[in-house]
Amino acid sequence: MGVSNAVRNPGTYVSRTLGLYRALLTDPDRFYDQYIGTRGIKSEFALVAVVGIVGAVGNYLVLQELIAQFDSIEAVVINQDVRFNLQQRILEPFIGAFLLWIWYGMGMYLVGWLYTTIGTTYLTMKRSAWVLFPVLFANVIHTGAMAYYSFTMDIQASDVAIQSRIAADVAAAIWSFAAGEMVVVAATLAGVLFALWAGYIGAYAIADVRDLTMDEAYKVAAVPTIGYALYIVYSAVMAL
């Protein structure tokens with residue numbers, strides 16, 4: 001439904017939108033059958049971008065407070081190189097969302113070759129973008145945890161022991177205060193549940209593209225899903 005129709009019929013627009021996302025989360029088979037066609041990919045790009053932006057908001061909030069608090073600690077020099085390295089953390093969730101889209105889309109497409117050659121990369125990527133919708137919830141939780149830490153952060157000079165003067169090392173040490181906070185680590189680990197949910201939707205996405213049985217589709221979707229879940233666990237453990 002276009003913008004003009006949404007303005008003229010807001011109730012219908014809201015009802016259809018809620019129905020679309022409800023079907024995506026609880027009945028992906030109906031979602032791909034009734035709501036998603038084969039033309040255009042703008043909506044999919046927009047969805048992935050929103051997932052990335054939501055994740056970036058939390059990083060932005062916590063980074064501002066980290067810089068403010070470390071600026072008052074004489075033992076740490078935050079020069080332009082350190083700031084540049086830290087500012088890259090803001091872009092990580094945004095870039096990561098698009099990399100995750102490629103990971104799920106191409107991962108399922110390539111593994112699907114074990115069963116059939118039916119389906120195109122374009123249609124696979126279009127369908128797999130919607131797999132990231134549960135990741136949006138994971139990013140909301142993670143951003144909430146980062147925002148909470150930014151409001152409660154209290155870093156003392158005695159807590160800081162940064163030996164290196166290399167900009168990348170200093171930036172990593174500063175960022176570790178946020179990444180290693182227990183509420184943030186817990187929020188990161190919660191992402192495993194949403195990764196599994198994404199995999200559930202992904203099975204229906206690749207089944208639709210490759211014309212697989214659901215048993216085959218679950219096996220195909222399991223490969224990128226398990227890989228992503230292990231990456232989340234690894235990231236959380238390394239942050240401690």
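The values are calculated or read from the model by the stated rules, or taken from the named source; none is laboratory data. Keep in mind that this is a model prediction, so the values were computed, not measured. FYI the Cβ positions are ideal-geometry reconstructions off the backbone, even for glycines, and counts take in every protein chain you see.
Given the options I174, I95, I102, name the one that is touching a helix residue (DSSP H, G or I) at 6+ places or on another chain (Cβ under 9 Å) and crowded, with 16+ Cβ neighbours inside 10 Å.
I174
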Exercise. If you check A217, A186, which single one turns out to be closer than 15 Å to P28 by Cα, out of contact with any strand residue (DSSP E or B) (no Cβ under 7 Å at 6 or more places or on another chain) and either in the same structural domain as A138 (by TED's automatic domain parsing) or surrounded by 23 or more Cβ atoms within 10 Å (Cβ to Cβ) (or both)?
Worked result: A217
Problem set entry | Number of the exception - Y104 against (1) modelled with pLDDT of 95 or more; (2) hydroxyl-bearing (S, T, Y); (3) outside any helix (DSSP H, G or I) | (3)
For this session: Give me a count of the residues in the stretch 27-61 that are out of contact with any Phe, Trp or Tyr (no Cβ under 6 Å at 6 or more places or on another chain), in a helix (DSSP H, G or I) and among the β-branched types (V, I, T).
Result: 5
Exercise. Could you count how many residues in the stretch 84-133 are free of Cβ contacts under 8 Å to residues at least 12 places away in the same chain and under 11 Å from the mean Cα position of the chain (by Cα)?
Worked result: 1
For this session: Please specify each residue of the stretch 173-188 satisfying the condition of being of a type in the set (A, V, I, L, M) and either more than 12 Å from I78 (Cα to Cα) or not in a helix (DSSP H, G or I) (or both).
Result: A178, A179, M182, V183, V184, V185, A186, A187
Exercise. Quick check: is even one residue across the stretch 71-83 part of a loop (DSSP other than H, G, I, E, B), of a type in the set (S, T, Y) and modelled with pLDDT under 90?
Worked result: yes
Exercise. List the pairs whose first member sits in the stretch 47-64 and is free of Cβ contacts under 8 Å to residues at least 40 places away in the same chain, whose second member is in a helix (DSSP H, G or I) and among the acidic types (D, E), and whose Cβ atoms are under 9 Å apart, counting only residues at least 6 apart or on separate chains?
Worked result: A56/E92
Problem set entry | Residues located in the stretch 143-154, provided they are of a type in the set (A, V, I, L, M, F, W, C) and either more than 17 Å from A239 (Cα to Cα) or surrounded by fewer than 17 Cβ atoms within 10 Å (Cβ to Cβ) (or both) | A147, F151, M153
